[in-house]
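The values are calculated or read from the model by the stated rules, or taken from the named source; none is laboratory data. Just so it is clear, the model here is predicted, and its values are computed rather than measured. Quick reminder, even Gly has a Cβ in these numbers, built from the backbone with ideal geometry, and neighbours come from all protein chains shown. Only protein heavy atoms, including side chains, enter the accessible area calculation; ligands, DNA and RNA are left aside. Shrake-Rupley method; radii C 1.70, N 1.55, O 1.52, S 1.80 Å.
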Amino acid sequence: EQTDIQKLELYLDQHYMDKLSLESISQQLHIGRTKLCALAKELSKGRTLSYLITQRRIEAAKRMLLQSSLPISAVGESVGISDYNYFSKVFRSATGVTPSAFRKNGRDAASNFS
């Protein structure tokens, strides 16, 4: 039997690309909203549920930027952030670089190894 924290982690891993809210996650996992917030804090070392969701989305976006040639707007959409400008802003605040700079830097680094 999984702990509530494991359930939350698994749910976020499988659904980060969906439109998520405290309410929807609470209903899906049958966990009260207050407890859900507490679990998120525990899981993220004091951060919020939305921080956890954003982290999942950014990690997935990083992989996609390096492994695919999808347009950046499509990468944003596929990780659950359909507004290109908002995706760029969130990505940059999480990583320190824009999605296009991240892709270029990652590809440059990869070509240095080959």
Residues satisfying the stated conditions in segment 56-65, i.e. more than 19 Å from residue 110 (Cα to Cα) and either open to solvent by 50 Å² or more (accessible area, probe 1.4 Å) or among the hydrophobic types (A, V, I, L, M, F, W, C) (or both): 58
Looking only at segment 23-37, count how many residues are in contact with a Lys or Arg (Cβ under 8 Å, 6 or more places away or on another chain) and not in a helix (DSSP H, G or I). 1
Does segment 90-114 hold any residues that are modelled with pLDDT of 90 or more and of a type in the set (Phe, Trp, Tyr), and which are they? 91, 102
Tally, over segment 38-53, of residues that are open to solvent by 60 Å² or more (accessible area, probe 1.4 Å) and either free of Cβ contacts under 8 Å to residues at least 24 places away in the same chain or not in a helix (DSSP H, G or I) (or both): 6
Selected residue (only one of 46, 80, 32 is in contact with a helix residue (DSSP H, G or I) (Cβ under 7 Å, 6 or more places away or on another chain), at positive phi and of a type outside the set (Val, Ile, Thr)): 80
If you take the residues of segment 24-37 that are surrounded by fewer than 16 Cβ atoms within 10 Å (Cβ to Cβ) and closer than 16 Å to residue 80 by Cβ, which of them is nearest to the chain's Cα centre (by Cα)? 24
Mind listing whichever residues of segment 1-20 are assigned to a loop (DSSP other than H, G, I, E, B) and open to solvent by 50 Å² or more (accessible area, probe 1.4 Å)? 1, 2, 3, 17, 18, 19
Being within 20 Å of residue 14 (Cα to Cα), part of a helix (DSSP H, G or I) and open to solvent by 80 Å² or more (accessible area, probe 1.4 Å) is the filter here, so list the residues in segment 66-114 that pass it. 67, 77
